[in-house]
Amino acid sequence: MLPRRSGCLLFIAVLGACSSEPGELPDASAVVDVPDVPAIPGDAEVGAVTQSCPASFGRCVPASGSTRFVRLRGTVVTPDRVLCDGEVLFSADTGRIACVGPDCGGDPSARGAQVVCSEGVIFPGLIDPHQHADYNHMPVFRHERRYDNRNTWRNHEPLYDTFKIPHRPFSSTSRTNQRLAQRYAEVRLAMAGTTSMAGTAGSLLTDLTIGSWVRNLDAFEAVASGLSNAFVDPDIDSVLVSTATGAPNEATTATHLAEVRTRMRSDRRYRAFLPHIAEGIDANARAEFDVADRNGVITEKTAVVHCLGCSTPQLSRMAQVQADLIWSPRSNIDLYGETADVTTARALGVTIALGVDWTPSGSMNLIGELQCASHLNERYYARAFSDVELVAMATLNGAIALNLDDSIGRVAPGYLADLAVFAGDRTRPYRALLDARAQDVRLVIVGGRAIYGDAPLLAGTVVSGMGCMAVPEGMSSGGMSGVCGVRKVVCAQPSDLAGLRGAIAGALETARRADAMCGASGTGSHCYAYELFPLFRCGGPELDRCDFGHGAIARRAAGGGMIPAVPGAPTMGVDDDGDGVPNARDNCPRVFNPPFDLSTAQDDADGDGAGDTCDPMPCARADGSDACARSTATTDAGVRDGGG
C-alpha cells in the first residue's frame, strides 16, 4: 500500500478523522472540526459546528529570532481541521514542521524562534498537478467553436496551428528561452500560493537550474523538486489515436504503455502516473480509458487527467483500484463546453484534485481554478461539495493524487513546511482561500523558506538570508502599485521580476517582427499570441469561460453526426440546471447532466430513476448487485498493486 493511503481522503460528504502521519497534531483548545467528524483523540470536544471561528483572536507579538526556527501564527487550516488561533513551528534548516497547535511555546525548538504574526489564514501550500509550464506565458487561445475531443483542435483546427507559432521560440530548440518560460510559470503559481506543480517541459526534467520557486514534482533532479526519493510522471499522449478520426490506436498505444509499466515497476522513486485521457465529449474520448485500462495503467499509482468522457462504470473502476482524478474545469469548458462528471466521481469515492492546465484555455492559477469550481458548485451542482472539500482539492487531494501525501499537502509535524497564508475573513477560514484575490496572498513558504508575500512578513530567519526585491511597478492593471495596490516582496531567485518579464517579452517581440504575418502588417490571426500574459489579475473573481453550454458539435468519431447543443444557462422552473433536459423529464433536475455524445438518455447506471450525477450510490441496484462491475483483462495486473 502506498503512503498516500495513510492520510484522510477529503472527497466525501462526511469526512473521517485520522492520525496525521508521520505525527499527530497536539491537543488544541480552539479547534473547529468539520461537520460530523469524530474528534481526534485528545482534541477538545466542540460538538457539531460550522466551518467558522469566533470573531476575536489573541494578540500576537512579532519577535526576531536567535535560532533557525520560526513560529508562524494565525488561523491554521490543516486542511481537515481548523485551529482558530494557532501556530506552525518549523525549521528553516530542515524545511520541516516541528509543531502545530494553539501554542508551540512548550516545544524545545520554540526557544529563541522568530515569531511571525501573519494575521491571516495558514493553509498547506497549494498543489497544482496539471501544468504545461512552457506555455503559460501565452494568452487565451481564441477559437470560434467548441470541440468533440482534443484530437480535433490539436490536429484539425487552423487557428490552433497558427496559435502555436509564437510558442516556437520557447520550444526545446532554445533551452535558454524555455527556462525563461518555465520560471515565469513558476512565478505565476507561487504568487497565488502554489508551492508544488507537475508539468515541467520535458527537456527540462533533468535541468539543474529550475525549481527555485516552486517544487517541480516531475523533475528527475532533487534540486528542482526538493525530494530526493520521488518523482511523478505526466504523460500528455498516453493513448495514441488516429489523427484522421481520433479513434484510439491500441497497437501503437500498447508499446508505449508497456514502457510506462516498466517505469512503474523498475524505479522506486516513481510515485504517480498522470495520463491525459478521455479529454472530450464523444465516444472516441471515452474509449481511451478502456484502452489504458486494458494495458494495465489504471492503477493505484494513477491519477487520470481530464477524464471528461469517463462513464460511471469507468469512474467506478477508478474507485475500485484507488486511481484518482485531476479535474481542470475551466479548460474543459473553454474547449468542450462541459467537464468531468465530478459529482458521480465523488459519490463513488474517487479522490478529486484541481489542476489549472495552461493559460491558453485554463485558469491563471489555482486561485482562479478554485473560483471556477466554486461557481460550478453553486450554479450547476446544487452545492454538492462543501467548502472543506473544495479547499482539499487544491491542497491535500493534490498530494494524494501524486502519492506524495506523506510529505506535502498537510500542515502537520514531520511534513515539509510548504505553507500559504491568505488574508481574509478568519471567522470563515475556508472562504479565505475560496474568495482570495491576488493581493490577498500574504506569505508563501517552500521548505521552510519564505519566497513571496507582504513586505512586513519577509524578514529574519523566515527568508533564510535570501536577497529580496519588491514586486516592480507596472505589473498591476489600472496603474495600481505593487500587486493590485498591495506592496509585495520576492525572495526567491531570480527575484528580479522586471528582468524576467523583460527577457520573455523581448524574445516574443523578436519573434513577432520575424513573423511575416505579424511584423509590420500585423494581419495574422495569431498575432495576439505574441503578447505576454500577465502574472496575476486584479479585480473580481475569475469566472469567464466557467459556464457550461455549447452549440451543436460536429464529431469525427465513426458514423459522424452532430453532438446536440446544450444551453448551459439555467432557467428556473423549466430547466434548473441548464443541461437542456426539462425538469419534468430530467433524472437530476438540479445537477447538470446532459446525455453523452449522441445518446438521448441521461446516465442512470443502476436504473433506479435517479441520474448518476445526483445518486449517492450510482452503481447499486435494488437487488444489491453492482451495476458498474466490469471484467477488464489487463496486460499486467501486478502493476495495480503498486508493484515495485
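The values are calculated or read from the model by the stated rules, or taken from the named source; none is laboratory data. Everything numeric in this text was worked out from a predicted model, so none of it was measured. Cβ sites come from the backbone with ideal geometry, for glycine too, and all protein chains shown count toward neighbours. What goes into the accessible areas is simple: the full protein's heavy atoms, side chains included, and nothing from ligands, DNA or RNA. Shrake-Rupley method; radii C 1.70, N 1.55, O 1.52, S 1.80 Å.
The table below gives the values:
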{"item": "Total residues in the stretch 375-390, condition farther than 16 Å from residue 433 by Cβ, assigned to a helix (DSSP H, G or I) and open to solvent by less than 30 Å² (accessible area, probe 1.4 Å)", "result": "1"}
{"item": "Selection status of residue 466, modelled with pLDDT under 95 and open to solvent by 30 Å² or more (accessible area, probe 1.4 Å)", "result": "yes"}
{"item": "Qualifying residue in the stretch 624-631 (condition: modelled with pLDDT of 95 or more, on the phi < 0 side of the Ramachandran plot and open to solvent by 60 Å² or more (accessible area, probe 1.4 Å))", "result": "yes"}
{"item": "Enumerated strands (runs of 3 or more DSSP E) restricted to the stretch 86-154, each holding at least 2 residues that are open to solvent by 10 Å² or more (accessible area, probe 1.4 Å)", "result": "97-101, 114-124"}
{"item": "Cross-chain or 6+ apart pairs with Cβ under 6 Å, the stretch 349-375 first and within 30 Å of residue 619 (Cβ to Cβ), then open to solvent by 10 Å² or more (accessible area, probe 1.4 Å)", "result": "349/319; 350/319; 351/9; 351/11; 352/11; 375/543"}
{"item": "Segments classed as helices (runs of 4 or more DSSP H), wholly inside the stretch 185-300, with at least 1 members that are modelled with pLDDT under 95", "result": "222-225, 250-266"}
{"item": "Every pair of residues 6+ apart whose Cβ atoms lie under 6 Å, when the first sits in the stretch 244-258 and is under 12 Å from residue 152 (Cβ atoms) while the second is open to solvent by less than 40 Å² (accessible area, probe 1.4 Å)", "result": "246/149; 246/151; 246/284"}
{"item": "Selection from the stretch 500-509 of residues that are without any contact (Cβ under 8 Å) to a residue 40 or more places away in the chain and farther than 15 Å from residue 185 by Cα", "result": "506, 509"}
{"item": "Residues of the stretch 501-540 satisfying the condition of being assigned to a loop (DSSP other than H, G, I, E, B), of a type in the set (Gly, Ala, Ser) and under 22 Å from residue 159 (Cβ atoms)", "result": "516, 519, 521, 522, 524, 525"}
{"item": "The one condition in (1) open to solvent by less than 10 Å² (accessible area, probe 1.4 Å); (2) at negative phi that residue 193 fails to fulfil", "result": "(2)"}
{"item": "Condition broken by residue 430, with the remaining ones in (1) within 19 Å of residue 84 (Cβ to Cβ); (2) open to solvent by 10 Å² or more (accessible area, probe 1.4 Å); (3) in contact (Cβ under 8 Å) with a residue 24 or more places away in the chain satisfied", "result": "(2)"}
